[in-house]
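Everything on this sheet refers to the single structure shown next.
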Amino acid sequence: MAHLGETIMPNETFYAPGDLGQACSLLSDLGDKAVVIAGGTDLMPRFNRYRRRRTEVLIYVGKLGLDFIEEKDGRLVIGAAATLSDILASPMVKEKVPLLARACGEIASPAVRNAATLGGNVMTNARSADGVAALMALGATVVTASNSGESRMPIDRFVWAPRKEKIANGGIVKQFEIPCLTGADRWVWEKLKQRQGDGRSVVSVSLRAGMEGNICRSIRLVLGAMAAHPFVSNVEDRGSTPGRKSAFPGPYRPGGGRDPRGNRRRHRHPGHRLVQATGRPGVGKARSCPTFMMET
């Protein structure tokens, strides 16, 4: 038996398919025996620390050409293999969906961001996955490819769906389609990090508000890291004027205290404070409050 601290790769086979069709065929044929790897920033530590069950095959998806960032029909399309550093450095992302650029820039360290991918952040679906919360606030759609063709699913549904439903029949996440922010939209991204460590979120708040002049027509607010999955609250067509608190949902209270990944009291208090700070200034006015500046 290996001693603690030794690095062992418990897999026997490694594939690096050169096209998407080949990757889907491999995943379909191998089923549960296969594990997809891209940046490996989450998977490899699990292997090395024996927290991952033994598998027989690793399938590397870094050669499938899924690292693109482009705009199509008013949407920003980001490949699943685009690294967080690529997204952070992209002028197109900063212009069209700056909320996502801000979130990616606060994930882990630069060294990790150079390898970690947006697809991996979503598929790992850890409670502190900031990329998931940002994509949910932006109303992104997840596009998967399989032997049956392509399918689309709103990310709200994707993160809650069983794994066999969202990536069935040799499925793999191909890209994310994100509605671009308009000049009238307002957005917020902020998170409270752990005091020490790699910057994992204790709680995050991401918000997209659709404006019509000085009237807020829709708000999409997402609280991340407070429970197993981010919490989404939508308020649409209320005709809310700036400063009217009814436009903002009440603070989300996470589940019972038996959640092994964190004490609910530890998350609830900062979650209340962040939501209250978001609501006080009024979405229509880009003015500061104790925690945020509403961005345009």
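Derivation of every value follows stated rules applied to the coordinates shown; laboratory data play no part. All values derive from a computational prediction rather than experimental measurement. Note: ideal-geometry Cβ built from the backbone for every residue, glycine included; neighbour counts use all protein chains shown.
When the square roots of the Cα gyration tensor eigenvalues are ordered a ≥ b ≥ c, the ratio a/c for the stretch 95-210 is 1.5 or more and a/b does not exceed b/c, which makes its shape oblate. For the listed peptides 93-101, 38-46, 76-84, a ranking on the average number of other beta carbons within 10 Å per residue, highest first, reads 76-84, 93-101, 38-46. What the phi angles of the stretch 59-64 give under the Karplus curve with 6.51, -1.76 and 1.60, with θ = phi - 60°, is a coupling list of 10, 8, 10, x, 10, 8 Hz, glycine and proline written as x. Take the Cα of residue 147, step 7 Å toward its Cβ, do the same at residue 161, and the gap between the two points is 1.9 nm. Panel order for 130, 73, 156, by other beta carbons found within 10 Å of each beta carbon, from fewest to most: 73, 156, 130. Annotation for the stretch 131-155 versus the stretch 61-83: alpha-carbon center distance of 12 Å.
In order along the stretch 154-164, the Karplus-derived 3J(HN,Hα) couplings, from 6.51 cos²θ - 1.76 cosθ + 1.60 at θ = phi - 60°, round to x, 5, 4, 6, 4, 5, 8, 6, x, 4, 5 Hz, and Gly and Pro are given as x. Amide H to amide H, with H built 1.01 Å from N, residue 16 comes under 5 Å of 60, counting only residues 5 or more places away or on other chains. Between residue 89 and residue 73, the modelled labels are 3.1 nm apart [label points 7 Å from Cα along Cα→Cβ]. The ranking of 166, 191, 63, 72 from fewest to most other beta carbons within 10 Å of each one's beta carbon is 72, 63, 166, 191.
Descending by average beta-carbon neighbour count within 10 Å, the peptides 171-180, 22-31 line up as 171-180, 22-31, the highest first.
Close amide H contacts of residue 200 (hydrogens built in the peptide plane, cut-off under 5 Å, sequence separation of 5 or more or a different chain): 194. Among 141, 124, 13, the order by Cβ neighbours within 10 angstrom, fewest to most, reads 13, 124, 141. Whole-Hz Karplus values for the stretch 139-147 come out as x, 6, 10, 9, 9, 10, 10, 8, 5 Hz, taken residue by residue from phi with 6.51 cos²θ - 1.76 cosθ + 1.60 and θ = phi - 60°; glycine and proline positions read x. A straight Cα-to-Cα reach below 30 Å connects residue 33 with the lysines 63, 164, 166, 174, residues fewer than 8 places away in its own chain not being considered. Residue 145 sits among other residues whose Cβ lies under 14 Å from its own Cβ, and their net charge, with Lys and Arg +1 and Asp and Glu -1, is 0. Oblate is the label for the stretch 13-115, because a/c, from the alpha-carbon gyration tensor with a ≥ b ≥ c as root eigenvalues, is 1.5 or above and a/b does not exceed b/c.
Distance between the 7 Å Cα→Cβ label points at residue 125 and residue 180: 3.1 nm.
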